[in-house]
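The values are calculated or read from the model by the stated rules, or taken from the named source; none is laboratory data. Model, not experiment: these values are computed from the prediction. Don't worry about glycine lacking a Cβ; one is built from the backbone with ideal geometry, like all the others, and counts go over all protein chains shown. Areas reflect the complete protein model, heavy atoms only, side chains present, ligands, DNA and RNA absent. Shrake-Rupley method; radii C 1.70, N 1.55, O 1.52, S 1.80 Å.
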Amino acid sequence: MNVTFEKIDDVNGIVTVELAAADYAEGVKKALKNIAKNRPEPGFRPGKTPTALIQKKYGEAVKYDEVNKATSEALYNYIKENNLRVLGNPVPEADEKFDIKNDDFTFKFRVGLAPEITSPVSKDLTVPYYNIEATDEMVTTQDQNLRRRFGKQESGDTVESNAVVKGIITELNEDGTVKEGGIVVENGIVGPEHFKSEDQKAIFVGKKVGDKFTFNPWAAADGNVVELASMLHIEKDDVENHKGDFQFEVTDSIVLRPAELGQEYYDQLFGKDNVKDEEEYKKSVKEMIEAQLSNDSDYRFTIDAKDAILKAVGELTLPDAVLKDYLKQANESLNDENIDEEYAKARPQLVWQLVSDKIAEALEVKLEQEDVVELAKAIARNQFAQYGMPNVPEDIIEKYAQEIINGKQGDQVRQQAFESKLYGAIKDAVTLDEKNVSVEEFNKLFAPAEA
C-alpha cells in the first residue's frame with residue numbers, strides 16, 4: 001500500500017491511495033470463510049458449501065467491500081497521521097477504468113484544506129467596550145419593581161387604580177334591565193388598570209364592595225376578542241354578539257401592596273444580614289443593575305470583537321467546491337441549482353469557526369466541566385429569580401444545574417460556556433477602548449444602519 005499527497009494550492013490537494021492484492025486479500029479470505037460458515041446455500045449444510053461456489057457467488061461483492069474498507073482506512077489514517085486540516089469530506093475522483101477484477105487499484109481523493117490563519121488577538125488589536133451607566137432613575141425603577149415582586153396581595157373595600165376586581169358580571173338590555181337568558185359570570189375577574197379605555201377604567205376606581213354599576217366590556221377591551229372571551233367566559237366566535245353594556249357587582253378588590261423596606265425584605269432579596277439598612281439596600285440594587293448592564297456590555301463586546309477580528313484576518317480563501325459537495329451530501333434538499341445560495345449563507349459561520357478555533361488554540365482556551373457547571377448554575381439561579389426566588393439553597397441550584405447539563409439544553413450550554421470563556425480570554429488579550437454611555441446611547445448601537 002502506498003499513500004501520497006499532492007498539494008494543488010493553499011486549500012486544495014489530492015490524496016492518492018495505491019492498493020496491491022496483499023492489502024485486502026486476507027480480509028476477502030476471512031469474509032468469504034465467514035459467509036461459508038454462517039450463510040446456508042440450497043443443497044448444502046451450513047459450513048459445507050464448496051469454496052469455489054462461495055467465491056463465484058460472493059467473491060466480487062466481498063472484494064469490493066474489502067477494497068473500499070482498506071482504501072478508507074488508509075485515507076483517514078494518512079490524514080490523521082499527517083495532521084491534514086481537512087474541511088468537509090474527501091471527494092473521490094471518478095475512474096472510468098476501474099475494474100474489480102484487477103489486483104491492483106489506484107484511487108484519488110480531492111480534499112479541501114483549512115487555510116493558514118494567524119490569530120490577530122493581541123494588545124495591538126483595539127476593540128470598543130461600552131460601560132453602561134446606572135442612573136438614579138434606574139435605581140428607583142428597579143426598587144419599585146422589586147418591591148412589587150415581593151409585595152403581598154390584600155383585599156380591600158374600595159377599588160384602587162391598580163386593583164384586581166372580583167364580581168358578578170351580568171349582561172343588560174339596551175334599556176339597562178337584566179337580559180333574560182343573557183350572560184352571567186358569577187366569578188368574574190377584571191383588571192381595570194389594563195383596560196384600553198380610560199373612561200371604562202374610571203368607572204371602576206373608587207367603587208366599593210357591594211356596589212353595582214354599568215360598564216361596557218367591548219369598549220374596555222377595545223374589541224380584543226381574546227380578552228373579551230376570557231372576561232365573559234364565552235367562545236371567541238360568540239364575542240360579536242355581546243357588544244352591549246353589562247352590570248358589574250363588586251364582591252372583592254385585591255391590591256398588590258409593595259414590600260415595605262426593612263430587614264425581612266432585605267433578607268428575602270439579598271440573603272440574611274447581607275443588607276442592613278436603606279443605604280446598603282440602594283447600593284445593592286445599583287450593583288444588581290450594574291451586573292445586568294455588564295452582561296449587556298459583554299454581549300455587545302462579542303459583536304464588536306468578532307467584527308474587529310474578522311477585519312484584521314481579512315478575506316479567507318476556502319476550498320469552496322469541496323465544501324459545496326459536502327453540503328449536498330449532507331442535505332438532500334441541496335442540489336446544483338440552489339447550492340450557491342445556501343453555501344453563501346453558511347460560509348460566514350464556517351469562516352468564524354475556523355478563526356475562533358485558531359484563537360482558542362493561541363490563547364490556550366479549553367472548556368472544563370467546571371465551566372459548564374457554573375454556567376448551568378447561573379441559568380438555574382436566573383430561572384428561580386424570575387419566579388421571585390432569588391435565594392434558593394445551593395444544593396437545589398446544583399441539582400437543577402445537573403438536570404440542565406444532562407437534558408436537552410446540554411449541548412447548547414456547553415457551546416455557550418465555551419464561547420463565554422473564549423470571549424473572556426479575547427477581552428483580556430486585546431486593548432479595550434472603553435466608553436461610558438447611557439442606556440439610550442447603548443441601545444442606539446443596535447439600531448439598523450441608515451442607508
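List the extent of the Cα atoms of segment 107-161 along each of their three principal axes, largest first, rounded to whole Å.
Principal axes ranked by extent give 89, 40, 17 Å for the Cα atoms.
Rounded to a whole number, what % of the accessible area of segment 301-343 do carbon and sulfur atoms account for, probe 1.4 Å?
43
Suppose R0 equals 51 Å; then what is the FRET efficiency for Tyr299 and Ala52 from their Cβ-Cβ distance, rounded to the nearest 0.05?
0.10
Using only the Cα atoms, work out Rg/Rh for segment 388-451, with Rh taken as the Kirkwood radius, to two decimals.
Dividing the radius of gyration by the Kirkwood radius yields 1.15.
Which angle between 0 and 90 degrees, to the nearest 10, do you get for helix 369-386 versus the longest principal axis of the chain when only C-alpha atoms count?
20
Considering only protein heavy atoms and a probe of 1.4 Å, how much of the accessible area of segment 369-451 is carbon and sulfur, as a whole percent?
In segment 369-451, the share of accessible area belonging to carbon and sulfur is 50 percent.
Using a 1.4 Å probe, what is the accessible area per residue for segment 1-129, in Å²?
So segment 1-129 comes to 65 Å² accessible per residue, rounded to a whole number.
Please state, as a whole number in µm²/s, the translational diffusion coefficient that the Stokes-Einstein equation yields for the chain at 25 °C and 0.890 mPa s, with Rh defined as the Kirkwood radius across alpha carbon pairs.
My calculation gives 81 µm²/s for D.
Determine which lysines satisfy two conditions relative to Lys328: a Cα distance under 25 Å, and not lying fewer than 8 residues away in the same chain.
List returned: Lys7, Lys69, Lys80, Lys108, Lys345.
For segment 180-241, what ratio Rg/Rh do Cα atoms give with a Kirkwood hydrodynamic radius?
Here Rg/Rh amounts to 0.95.
So what does Asp175 come to for accessible area, using a 1.4 Å probe and Å² rounded to 10?
120
Whole number please: convex hull volume per residue of the Cα set in segment 18-158, in Å³?
Cα convex hull per residue, to the nearest whole number: 400 Å³.
Multiplying the sequence separation of Lys427 and Arg85 by 0.36 nm and subtracting their Cα-Cα distance, what value in nm do you get?
Net length gain for the segment: 120.4 nm.
Compute the accessible area per residue over segment 329-404, keeping the other protein chains in place, probe 1.4 Å, unit Å².
Dividing the accessible area of segment 329-404 by its residue count gives 65 Å².
Restricting everything to alpha-carbon atoms, can you work out Rg to Rh for segment 292-451 with a Kirkwood hydrodynamic radius?
Value, to two decimals: 1.04.
Which entries of Lys208/Lys243; Lys56/Lys101; Lys152/Lys196; Lys123/Lys306 show an alpha-carbon separation above 19 angstrom in the structure shown?
In this structure, Lys208/Lys243; Lys152/Lys196 exceed 19 Å between Cα atoms.
For segment 53-121 and segment 212-278, what is the separation of their Cα centres, given in Å?
69
Could you look at segment 74-122 and say what percent of its accessible area is carbon and sulfur, using a 1.4 Å probe and all protein chains?
Solvent-exposed carbon and sulfur of segment 74-122 make up 45 percent of the total.
About its Cα centre, how strong a charge dipole does the chain have in debye, to the nearest 20, once Lys and Arg get +1 and Asp and Glu get -1 at the Cβ?
Around 2440 debye, computed over the chain.
Can you check what the net charge comes to around Gly112, using other residues whose Cβ is under 13 Å from the Cβ of Gly112 (Lys, Arg +1; Asp, Glu -1)?
Surrounding charge for Gly112 is +1.
Pop a pseudo-label 7 angstrom from the Cα along the beta-carbon direction at both Thr118 and Asp95 and give the gap in nm to one decimal.
The two pseudo-label positions are separated by 4.1 nm.
Leaving out ligands and nucleic acids, and using a 1.4 Å probe, what accessible area per residue does segment 134-292 come to in Å²?
Heavy-atom accessible area per residue stands at 59 Å².
So what's the net charge close to Leu19: Lys and Arg +1, Asp and Glu -1, counting the other residues with Cβ under 12 Å from its Cβ?
-4
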